[in-house]
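Input: a single structure, listed below in structure tokens.
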Amino acid sequence: MSASWVPGVEAESDFSLANIPFGIISTQSDPTPRVAVAIGASVLDLKELAAQPDFLDVFPALKDHVDVFSKASLNSFAALGRPVHREVRAALQDLLSETTTRPAVLKDNTELRERAILPQTSVKLHLPMEIRDFTDFYAGYYHAYNCGVMFRGALPPLQPNYTHLPVGYHSRTSCIVVSQTPIRRPTGQVVVDPAAEIKEPTTLPCRRLDYELELGCFIAVPNDRGDSIPIKEADDHVFGYVLLNDWSARDIQSWESAPLGPLNGKNFATTISAWVVLADALEPFRVKALENKTPLQTYLKEEREANVFDIDLEVDLTSESSAAA
């Protein structure tokens, strides 16, 4: 993919032309939340772009949705479906490319560039979508196995159902916050001496606060209540992905989890990144999943083998007394 004419878009940038994730911003001059994309160290305010007279020439797929970038969440844009997302993303990549076919729209339009292209440091980032439901899946075999070792004692780490179906639980949507939101350490019932014959809980602030780096997925187009989505059509319903920090109070969780699962140990905070990477941006990273030797039910069998993403994720930890490690 060609380089971008936008200053500060380095080849190794997380926000290159190959990505251009979508998010919700506001500024001091316009505190109303609206849609933007990230490009290098800048953002492109799509509300400003949509106000231009040639907007529909560039984005014909939005003919009946000219106000979609003025919304305070990405829900309306997401609901338009992947074919529209794909067209809009391709048009934005062209506009921001050094070899753009439409230089007059933005690249050579100095006045619009000054209004629409802003430093990321100058904008406030908001929760990108209005979240109405939230399911946490045990999607990784080794992660699930290690959690089983942590909480199930002498019992087998995994339940017999694990390799047969997607195992998940519904969580609390109100606990989801955007990155950089301060998190308060939760208080709950903790068993101070797990080895004691008679286990007695004490109400304490969490002393085993944990994090789990995960990938969050936003669904774009819902199904009607009671209707199933064939697995071969499932990808068409995906809008995009975010980084997710599944905060966990392990000492609270270990006491409350048996037999119904976590509640207070999980529902105090879940952090997601402000930028949503569209599904098409991850297509080049598809690979074949690790082999599951358990025969699947017919409704779960996928036609294509490359059905997972090969993505490297990293965590930096910084304490009050040390640099990032």
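Each reported figure results from applying straightforward, stated rules to the coordinates on display, with no laboratory input. The shown structure was predicted, so the numbers you read here are calculated from the model rather than taken from an experiment. Using ideal geometry, Cβ is built from the backbone for each residue, glycine included, and neighbour counts are taken over all protein chains shown.
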Within the range 129-234, DSSP-loop trypsin sites (Lys or Arg not before Pro) with at most 16 other C-beta atoms within 10 Å are Arg132, Arg152, Arg172, Arg184, Lys199, Arg207, Arg208, Arg225
Amide H contacts under 5 Å for Val190, restricted to residues at least 5 apart in sequence or on another chain and with H modeled in the peptide plane, are Thr202, Thr203, Leu204
Relative contact order in percent for the range 135-309 (Cα pairs under 8 Å, 6+ apart) equals 21 percent
Which residues qualify? For Gly40, with a placed amide H closer than 5 Å and at least 5 residues away or on another chain, they are Phe15, Ser16
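Between Val315 and Ile131, what length comes free when the chain is fully extended (0.36 nm per residue of separation minus the Cα-Cα distance, one decimal in nm)?
Taking Val315 through Ile131 to full extension adds about 63.7 nm, to one decimal.
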Diffing the range 96-106: the Karplus 3J(HN,Hα) column from phi (6.51, -1.76, 1.60, θ = phi - 60°), in whole Hz with x for Gly and Pro, holds 8, 7, 4, 9, 3, 7, 10, x, 5, 5, 9
The residues Ser13, Ser171, Ser122, sorted from fewest to most surrounding Cβ atoms within 10 Å, come out as Ser122, Ser13, Ser171
Sequence order, the range 243-255: Karplus ³J(HN,Hα) from phi using 6.51 cos²θ - 1.76 cosθ + 1.60, θ = phi - 60°, Hz rounded, Gly and Pro as x, gives 6, 9, 10, 8, 5, 9, 9, 5, 5, 5, 4, 5, 7
In deg cm²/dmol, rounded to the nearest 500, the helical mean residue ellipticity at 222 nm of the chain, built from -39500 (n - 2.57) for every DSSP H run of length 4 or more, is -4500 deg cm²/dmol
Under the Karplus relation with 6.51, -1.76 and 1.60 and θ = phi - 60°, whole-Hz ³J(HN,Hα) for the range 55-69, x at Gly and Pro, equal 4, 6, 5, 8, 10, x, 5, 9, 3, 9, 9, 5, 9, 5, 8
For the chain the translational diffusion coefficient, Stokes-Einstein from a Kirkwood Rh over Cα pairs at 20 °C and viscosity 1.002 mPa s, in µm²/s, is roughly 96 µm²/s
The extension gain from Asn267 to Thr181, computed as 0.36 nm times the residue separation minus the Cα-Cα distance, is 29.4 nm
Dividing the mean separation of Cα pairs under 8 Å (6+ apart) by the residue count of the chain yields a relative contact order in percent of 16 percent
With +1 at each Lys and Arg Cβ and -1 at each Asp and Glu Cβ, the charge dipole magnitude of the range 45-187 around its Cα centre, to the nearest 20 debye, comes out at 740 debye
Dividing the mean separation of Cα pairs under 8 Å (6+ apart) by the residue count of the range 22-126 yields a relative contact order in percent of 36 percent
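Per 0.36 nm of contour for each residue apart, how much would the distance between Glu12 and Thr203 grow if the chain were fully extended, relative to their Cα-Cα spacing?
The Glu12-Thr203 span can extend by a further 64.0 nm.
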The chain, Gaussian network, Cα under 10 Å: of Leu300, Leu125, Leu49, the residue fluctuating most is Leu300
